[in-house]
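These notes concern the structure reproduced below.
The values are calculated or read from the model by the stated rules, or taken from the named source; none is laboratory data. Here the structure is a predicted model, which means the values were calculated and not measured. Using ideal geometry, Cβ is built from the backbone for each residue, glycine included, and neighbour counts are taken over all protein chains shown. Quick note on the areas: whole protein, heavy atoms, side chains included, nothing else; ligands and nucleic acids left out. Shrake-Rupley method; radii C 1.70, N 1.55, O 1.52, S 1.80 Å.
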Amino acid sequence: MVYTAASTKIPKFRYLSAWFCPFAHRATLALEHHSGRVEYEWVEALGWEQRKDKNNVTGTGQEWWYHWKADELKRANPSALVPTLIPVDATNGKTDESKAVFESLVTIDFIDRISGASGKDKIIPEDHYEAARCQIWAEKVNKDCCSPYYGVLVRKDENERMEHFEKLIKGLKSFSLELQKTPGPVFLADGQVSSVDYSLFPWAFRYYVFEHYRGPQYIIPKDDPELDAYHKWYDHMTKVDSVRRTLPNKNEYLEHIGKYADSSARSKVANAVRRGVAAHELDDEKDEY
């Protein structure tokens, strides 16, 4: 099926996801933003299973949590990562795994395109300059504000952890400064929620785990004027109805992310960070488990 604004039926997908994953959270935000324009069936396709660390892989004696992945996810996505969207034919209800869409930033753009939305309802603005600015900044916050999150949690050396945290704060200050180019509180003018907002928010929501696992020195400062615009942005985003519908339980997520904080998680992201590269630089072969 070809999805266009003129399609008579609402596009529908099997949404292969994981409740805890911030990358998948991006796609969830876009899907809920376009609720009523796009339909989806949530499929929990990635989770955790416990395996004994017979070979003491990292020397911690705790390396026993691995991702299990649904067969459907492994068939549809070569990397077997979430989020993955599989189209469902509106006429016969059959799925087409050959047309699966994945990579979190790509899914935001794709969902917006097939939604048929216009004007301020769009996540990617109609103005070509603003659309380009959004693409630049979505990629920038991904590298500077999201990837360092894992360095704070996964790296064992305190100096390395703080180095990642300082990089994250620097990224947030840069984002905060860019927010001031419009009246706010979000990235685009007139309160239009964009791909940049949805790219960063899943991690911004999760920064609270730093204090629990790494101490008060890892709290995002609230008394730094360079972060004022960021905090106003965050407060606004948490009050948006479509965003509130997507938020995971904080206590449950805190327990989940503990696997990263105590070195017991084996995932491609965790393995990439252990290897010394950023989370967004993971390699399917080098970081397999």
*Under a 1.4 angstrom probe, counting protein chains only, how are THR84, THR95 ranked by accessible area, largest first?*
THR95, THR84
_Can you tell me the length gained on complete extension of the stretch GLU255 to ASN55, counting 0.36 nm per residue apart and subtracting the Cα distance?_
69.5 nm
*Cα-only Debye scattering, the range 24-119: base-10 log of I(q)/I(0) at q = 0.19, 0.21, 0.22 Å⁻¹*: -0.93, -1.07, -1.14
_Gain on full stretching of the segment that runs from LYS239 to ARG113 - 0.36 nm per residue minus C-alpha separation_ = 42.9 nm
_With a 1.4 Å probe and all protein chains kept in place, how much accessible area does SER98 have, in Å² rounded to the nearest 10?_
100
*Which Cα, out of LEU227, MET162, PRO125, lies furthest along the positive dipole direction of the range 103-233 (beta carbon charges, K/R +1, D/E -1)?*
MET162
*DSSP beta bridge pairing in the chain, given as percent antiparallel to the nearest 5*: 60
_Cα gyration tensor category, rounded, prolate or oblate, for the range 213-289 with a/c compared to 1.5_ = prolate
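At a 1.4 Å probe, what is the % contribution of carbon and sulfur to the accessible area of the chain?
The nonpolar share, carbon plus sulfur, comes to 48 percent.
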*So what's the back-of-envelope 222 nm ellipticity for the chain, counting only DSSP H runs of four-plus at -39500 (n - 2.57) apiece and dividing by all residues, rounded to 500?*
-13000 deg cm²/dmol
*Using a ≥ b ≥ c from the Cα gyration tensor of the chain (square roots of the eigenvalues), is it rounded, prolate or oblate, where a/c under 1.5 gives rounded and otherwise the larger of a/b and b/c decides, a/b for prolate?*
oblate
*How long is the gain from GLU44 to ASP157 if the chain were fully straight, where each residue apart is worth 0.36 nm and the alpha carbon distance is subtracted?*
37.3 nm
*Indicate the gyration tensor shape class of the range 192-257 (rounded, prolate or oblate), computed on the Cα atoms with a ≥ b ≥ c the square roots of the eigenvalues: a/c under 1.5 is rounded; otherwise a/b larger than b/c is prolate and the rest oblate.*
oblate
*Using only Cα atoms, locate the centre of the range 97-119 and the centre of the range 177-223, then give the distance between them in Å, rounded to an integer.*
23
*Considering the options PRO248, TYR198, TRP137, tell which one lies farthest towards the positive end of the dipole of the chain, charges being +1 on Lys and Arg and -1 on Asp and Glu at the Cβ, about the Cα centre.*
PRO248
*When only the heavy atoms of the protein chains count and the probe is 1.4 Å, how do TYR40, TYR150 rank by accessible area, highest first?*
TYR40, TYR150
*For the chain, with a Gaussian network of springs between Cα atoms less than 10 Å apart, report the residue from PRO148, PRO22, PRO216 with the top mean-square fluctuation.*
PRO216
*Determine the sum of side-chain charges near ILE86: Lys and Arg each +1, Asp and Glu each -1, restricted to other residues whose C-beta is under 12 angstrom from that of ILE86.*
0
*asked:* Just to verify a number: FRET efficiency for GLU166 and LYS99, C-beta to C-beta distance, R0 = 51 Å, to 0.05?
replied: 0.75
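Arrange the peptides 184-195, 248-259, 25-36, 69-80 so that the one whose residues have, on average, the most other Cβ atoms within 10 Å appears first.
Ranked from most to least packed, the peptides come out as 25-36, 184-195, 69-80, 248-259.
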